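The values are calculated or read from the model by the stated rules, or taken from the named source; none is laboratory data. Note that the structure is a prediction, hence the values are computed from the model and not measured. Every residue, glycine as well, gets a Cβ built from its backbone with ideal geometry; the counts of neighbours run over all protein chains shown. When the accessible area is computed, the model is the full protein with side chains, heavy atoms only, and any ligands, DNA or RNA have been set aside. Shrake-Rupley method; radii C 1.70, N 1.55, O 1.52, S 1.80 Å.
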Amino acid sequence: MSSVKIECVASEGYRIGESPVWDEKESALLYVDITGRKVCRWSSLTKQVQTVSVDAPVSSVALRKSGGYVVTLGTRFAALKWNEQLVTTITHVDKDKPNNRFNDGKVDPAGRYFAGTMAEEIRPAVLERRQGSLYSLLSDLSVVKHFDQVDISNGLDWSLDHKTFFYIDSLSYSVDAFDYDLQTGKIGNRRSIYKLEKEESIPDGMCIDTEGKLWVACYDGGRVIRLDPETGKRLQTVKLPVDKTTSCCFGGKDYSEMYVTSATDGMDKEWLSRQPQAGGIFKITGLEVKGVPPYPFAG
């Protein structure tokens, strides 16, 4: 795999870049800066970044069938009209936990927006344990809670046949699978399919490719790894020039490019001087595999 090429397409030094999503209509990459409280859009045509500032940590963004986007903001699901820079709250979760915020989120093949919560961090990956839950926002704008006792709700995706839901609770250092019922959105039979090696560090965001293999960004591991969920084997490692790789998605005209977000939070001056591209957005080409287009929220 000597043809793999990595380039930094947006070197804005985001505090916690996260939740990359390809917006085909705009030929652009959507993503967020959680602690920077910004929703961002990098155009592959102009190479420019546009941003919308918001009033709370914003942890994920998704396409919306009826137009615009949906985001997880603080402990709210919210709608975002990009051109008007207008954010409206859809609903609140974790009202009894003022120290919580949402983390990663993604839309399932039926149009439900899954997203989980966590306690606000004292410093990166240090927080009050088991305060989070996993939720889904349905097309009628009601919310289902799937389970609680989550440390850091993170990467999520679905198998190509939609019968398995993959999920990461970061501090378990595990990629887990659940049986999935696409009709009802119910999940069950949780099991671990991959435990991270020490040098891979903390599993963060995740996406699936058209061969049904998972790609996991390793926070503090400076890499994305490709896993076979059937065998539990690691198939490939792609190292990046920054340690704090946070999430990944496929995009570009034919979904053959991978985009990886990264963070600077918790890095001191000396560390940042060694990694000038920290907090940047990276494009990886030459992986010889394609990704699955994102699903829009149905509501």
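Before moving on, here are some points about what is shown:
- Surface accessible to a 1.4 Å probe, HIS162 within the full protein complex, Å²: 50 Å²
- Distance cut-off 19 Å, percentage of C-alpha pairs in segment 80-227 lying past it: 53 percent
- Computed per residue of the chain from DSSP H runs no shorter than four, each worth -39500 (n - 2.57), the mean residue ellipticity at 222 nm is -500 deg cm²/dmol.
- In segment 1-85, GluC sites (Glu not before Pro) in a DSSP loop with at most 14 other beta-carbon atoms within 10 Å: GLU24, GLU84
- Segment 1-154 - Kirkwood radius from inverse mean 1/r over Cα pairs (Å): 16.1 Å
- Loop-located GluC sites (Glu not before Pro) in segment 196-299 whose Cβ has at most 15 other Cβ within 10 Å (DSSP): GLU197, GLU211, GLU230, GLU288
- For the chain: rounded, prolate or oblate by the Cα gyration tensor [a/c cutoff 1.5]: rounded
- Using a probe radius of 1.4 angstrom, the carbon and sulfur fraction of the accessible surface of the chain is 45%.
- Under 14 Å, Cβ to Cβ, from LEU272 - net charge with Lys/Arg +1 and Asp/Glu -1: -1
- Other residues with beta-carbon under 11 Å from the beta-carbon of VAL238 carry, at +1 per Lys or Arg and -1 per Asp or Glu, a net charge of +4.
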